[in-house]
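Report on the structure given below.
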Amino acid sequence: MLIYNAEIHTMDSRGVIENGWIDTENGKIKALGEGAPDNIPEGSINAQGGMLLPGFIDAHTHLGIIEDSLDFEGDDCNESTDPFTPQMRAIDGINPFDRCFEEARMRGITAAASSPGSANACGGEIAAIKTYGRRIDDMLIKSCGIKFALGENPKNVYNGREETPITRMAITALIREGLYKARRYVHDMDSYYSDSENYDPPEYDIKCEALMPLLDRKIKAFFHCHRADDICTAMRISREFGLDPIIIHGTEGYKIADIIAAEKLPVICGPVICDRCKPEMRGLELKNAAVLHENGVKIAICTDHTVTPIQYLPLSAQAAVKGGLSFDDAIRTLTVSSAEILGIDEITGSLAPEKDADLQLYAKDCNPLDMMSEPLLVMVGGEICRREI
């Protein structure tokens with residue numbers, strides 16, 4: 001499909017193409033350029049000067065793993081029978097028929113990271129997924145990391161059960177123990193493969209197997225942290241084991257923004273539009289994303305769906321604008337920056353040839369972050385999911 005007469009925000013080095021066109025084929029962006037295309041086939045879309053953007057990406061959600069309108073039956077987010085469960089995989093709990101996928105698409109959100117919850121010191125594997133499809137295997141972009149949680153959530157869950165961990169010390173010790181075991185497992189496996197005559201293979205351990213890609217830095221370590229001291233604990237663990245860390249929430253990040261920047265630690269900020277619902281969120285401020293960005297921290301904005309419903313992702317970025325973030329930077333937090341943090345930027349997050357045709361079109365002079373705005377066109381992998389033009 002050809003879309004022409006559009007203000008194309010590529011979200012890469014080309015910046016904004018004031019009057020351009022984009023051609024998609026077989027789910028990919030085939031080409032794009034400035035001015036009028038040489039040939040306009042029948043069925044092409046005249047954008048009438050509207051804003052064409054990459055689809056938005058929600059960098060941290062529990063989309064489909066906590067289903068809408070359901071309690072226990074639809075909640076597969078936390079396997080809270082064991083505080084350390086790296087072997088859990090989000091894709092095994094996601095229901096792509098949950099209606100929140102459609103609500104996401106209708107607001108221009110074409111991809112999201114769906115994560116296990118934060119009841120456990122280690123919750124499992126995070127999946128970056130498209131928001132369109134009927135089988136999660138077909139929607140999966142990549143498994144992008146392992147979820148860890150520091151602070152109040154594991155403390156509350158296991159204190160209520162009178163089991164460990166009930167302190168921040170115990171949470172960190174569990175994470176450290178699991179990573180040390182995995183590192184020893186890798187060593188024993190390497191010894192066996194290099195000299196099988198003198199070494200036996202280690203007994204299969206599914207938890208260690210799940211952590212091996214993390215120790216090899218093939219996937220990232222996502223740390224649920226609200227308080228500044230918990231963010232520093234995540235840094236400490238990451239340095240100790242050579243991990244590639246990302247902070248989820250980072251509610252008090254503005255208190256140590258210079259330290260986070262020095263560590264080159266990305267932060268997925270959010271939820272932004274919510275109450276201070278628990279003690280570790282008492283430092284929630286709208287300025288957080290802006291302060292982090294001003295200090296050179298790579299940031300994304302998230303909803304933490306279902307905490308904030310996923311369709312309010314653009315409104316969350318608008319709130320960050322009110323807190324001091326520029327409009328252009330807010331758009332980046334929902335597109336290319338989210339893609340880079342999740343490690344999916346070669347596939348989506350910007351508009352360029354060979355990338356997936358994940359895009360959205362807004363009417364001319366429409367603010368895509370505004371509460372009342374809706375896209376005229378949404379495509380996910382070349383599939384038209386919404387069309388009002």
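Residues of the stretch 274-296 being within 9 Å of Tyr254 (Cβ to Cβ), open to solvent by less than 40 Å² (accessible area, probe 1.4 Å) and assigned to a loop (DSSP other than H, G, I, E, B), which ones?
Gly283, the sole residue that qualifies.
Looking at the stretch 13-53 only, could you name the residues that are open to solvent by 50 Å² or more (accessible area, probe 1.4 Å), more than 23 Å from Cys385 (Cβ to Cβ) and not basic (Lys, Arg)?
Within the stretch 13-53, Ser13, Val16, Glu18, Asn19, Glu34, Ala36, Asp38, Asn39, Ile40 meet the criteria.
Does Leu313 fit the bill of being touching a residue at least 60 places away in the same chain (Cβ under 8 Å), aliphatic (A, V, I, L, M) and in a helix (DSSP H, G or I)? Step through it out loud before you land on a result.
Numbers: touching a residue at least 60 places away in the same chain (Cβ under 8 Å): yes; aliphatic (A, V, I, L, M): yes; in a helix (DSSP H, G or I): yes.
Yes: the conditions hold for Leu313.
Mind listing just one residue for me: the one in the stretch 99-125 that is of a type outside the set (A, V, I, L, M) and part of a helix (DSSP H, G or I) and, of those, surrounded by the fewest Cβ atoms within 10 Å (Cβ to Cβ)? Outline the logic, then answer.
Residues of the stretch 99-125 that are of a type outside the set (A, V, I, L, M), as a first pass: 99-103, 105, 107-108, 110, 114-118, 120, 122-125.
Now narrow it down to the ones that are part of a helix (DSSP H, G or I): 100-103, 105.
On the way: Cys100: 24, Phe101: 27, Glu102: 15, Glu103: 18, Arg105: 24.
Filtering the stretch 99-125 for residues that are of a type outside the set (A, V, I, L, M) and part of a helix (DSSP H, G or I), the one surrounded by the fewest Cβ atoms within 10 Å (Cβ to Cβ) comes out as Glu102.
Can you tell me which residue in the stretch 316-346 is farthest from Met51 (Cα to Cα), limited to those that are open to solvent by less than 40 Å² (accessible area, probe 1.4 Å) and in a loop (DSSP other than H, G, I, E, B)?
Gly343
If you check His224, His249, which single one turns out to be touching an Asp or Glu at 6+ places or on another chain (Cβ under 9 Å) and closer than 27 Å to Lys181 by Cα?
Values: His249 fails: closer than 27 Å to Lys181 by Cα.
Matching residue, one of His224, His249: His224.
Considering only the stretch 28-39, I want to know if a residue exists there that is under 13 Å from Leu361 (Cβ atoms) and part of a strand (DSSP E or B).
No: the stretch 28-39 contains no residue that is under 13 Å from Leu361 (Cβ atoms) and part of a strand (DSSP E or B).
How about the stretch 374-389: which of its residues are assigned to a loop (DSSP other than H, G, I, E, B) and more than 23 Å from the chain's Cα centre (by Cα)? Lay out the reasoning, then the answer.
Residues of the stretch 374-389 assigned to a loop (DSSP other than H, G, I, E, B): 374-376, 381-382, 388-389.
Across the stretch 374-389, the qualifying residues are Leu376, Glu388, Ile389.
Working only within the stretch 242-258, note down all residues that are buried (at least 19 other Cβ atoms within 10 Å of the Cβ) and either assigned to a helix (DSSP H, G or I) or modelled with pLDDT under 95 (or both).
Kept after step one, since they are buried (at least 19 other Cβ atoms within 10 Å of the Cβ), are these residues of the stretch 242-258: 243, 245-254, 256-257.
Selection gives Gly253, Tyr254, Ile256, Ala257.
Take the stretch 1-16 and flag every residue that is part of a strand (DSSP E or B), within 27 Å of the chain's Cα centre (by Cα) and not charged (D, E, K, R).
Taking the stretch 1-16 and keeping what is part of a strand (DSSP E or B), we get 2-9, 16.
Okay, now just the ones that are also within 27 Å of the chain's Cα centre (by Cα), so 7-9, 16.
Scanning the stretch 1-16 gives Ile8, His9, Val16.
Being acidic (Asp, Glu) and buried (at least 18 other Cβ atoms within 10 Å of the Cβ) is the filter; apply it to the stretch 63-91 and report the residue that is farthest from Glu177 (Cα to Cα).
To start, the set of residues in the stretch 63-91 that are acidic (Asp, Glu) comprises 67-68, 71, 73, 75-76, 79, 82.
Cutting the leftovers down to buried (at least 18 other Cβ atoms within 10 Å of the Cβ) gives us 67, 76.
Values: Glu67: 33, Asp76: 26 Å.
The selected residue is Glu67.
In this structure, is Lys181 touching a helix residue (DSSP H, G or I) at 6+ places or on another chain (Cβ under 8 Å), over 30 Å from Ala317 (Cβ atoms) and modelled with pLDDT of 95 or more? Working first, answer last.
Working: touching a helix residue (DSSP H, G or I) at 6+ places or on another chain (Cβ under 8 Å): yes; over 30 Å from Ala317 (Cβ atoms): yes; modelled with pLDDT of 95 or more: yes.
Yes; evaluated as a whole, the condition is true for this residue.
Return the residues of the stretch 187-215 that are within 27 Å of Ile141 (Cα to Cα) and in contact (Cβ under 8 Å) with a residue 12 or more places away in the chain; say none if nothing qualifies. Even if it seems obvious, please write down each step before you answer.
Residues of the stretch 187-215 within 27 Å of Ile141 (Cα to Cα): 205-215.
Hits for the stretch 187-215 are Asp205, Ile206, Lys207, Cys208, Glu209, Ala210, Leu211, Met212, Leu214, Leu215.
Scanning for something open to solvent by less than 40 Å² (accessible area, probe 1.4 Å) and assigned to a helix (DSSP H, G or I), does the stretch 347-361 turn up at least one residue?
Looking only at the stretch 347-361, we keep the residues that are open to solvent by less than 40 Å² (accessible area, probe 1.4 Å), and these are 348-352, 355-361.
Checking the rest, the ones that are also assigned to a helix (DSSP H, G or I) come to none.
No.
Quick one: in the stretch 259-273, of everything that is under 18 Å from His62 (Cα atoms) and of a type in the set (A, V, I, L, M, F, W, C), which residue is surrounded by the fewest Cβ atoms within 10 Å (Cβ to Cβ)?
The initial filter retains those residues of the stretch 259-273 that are under 18 Å from His62 (Cα atoms), namely 267-273.
Right, trim to of a type in the set (A, V, I, L, M, F, W, C) and you get 267-269, 272-273.
Values: Val267: 27, Ile268: 26, Cys269: 30, Val272: 26, Ile273: 17.
Filtering first and then ranking leaves Ile273.
Which pairs turn up if I take residues in the stretch 81-98 that are in a loop (DSSP other than H, G, I, E, B) and look for partners that are surrounded by fewer than 18 Cβ atoms within 10 Å (Cβ to Cβ) and hydrophobic (A, V, I, L, M, F, W, C) with beta carbon separation below 8 Å, at least 6 apart in sequence or on another chain?
Cβ pairs passing all conditions: Gln87/Ile206.
Can you list residue pairs whose Cβ atoms sit under 6 Å apart, with the first residue in the stretch 326-351 being touching a residue at least 60 places away in the same chain (Cβ under 8 Å) and under 16 Å from Leu286 (Cα atoms) and the second being small (Gly, Ala, Ser) and open to solvent by 10 Å² or more (accessible area, probe 1.4 Å)? Count only pairs 6 or more apart in sequence or on different chains.
none
So which residues in the stretch 367-384 are of a type outside the set (Asp, Glu), open to solvent by 30 Å² or more (accessible area, probe 1.4 Å) and either within 16 Å of Ala47 (Cα to Cα) or in contact with a helix residue (DSSP H, G or I) (Cβ under 7 Å, 6 or more places away or on another chain) (or both), if there are any at all?
Asn367, Met371, Leu376, Ile384
The values are calculated or read from the model by the stated rules, or taken from the named source; none is laboratory data. Since the model is a prediction, treat every value here as computed from it, not as a measurement. All Cβ positions, glycine included, derive from the backbone under ideal geometry; neighbour counts span all protein chains shown. The accessibility values were calculated without ligands, DNA or RNA, using every heavy atom of the protein model including side chains. Shrake-Rupley method; radii C 1.70, N 1.55, O 1.52, S 1.80 Å.
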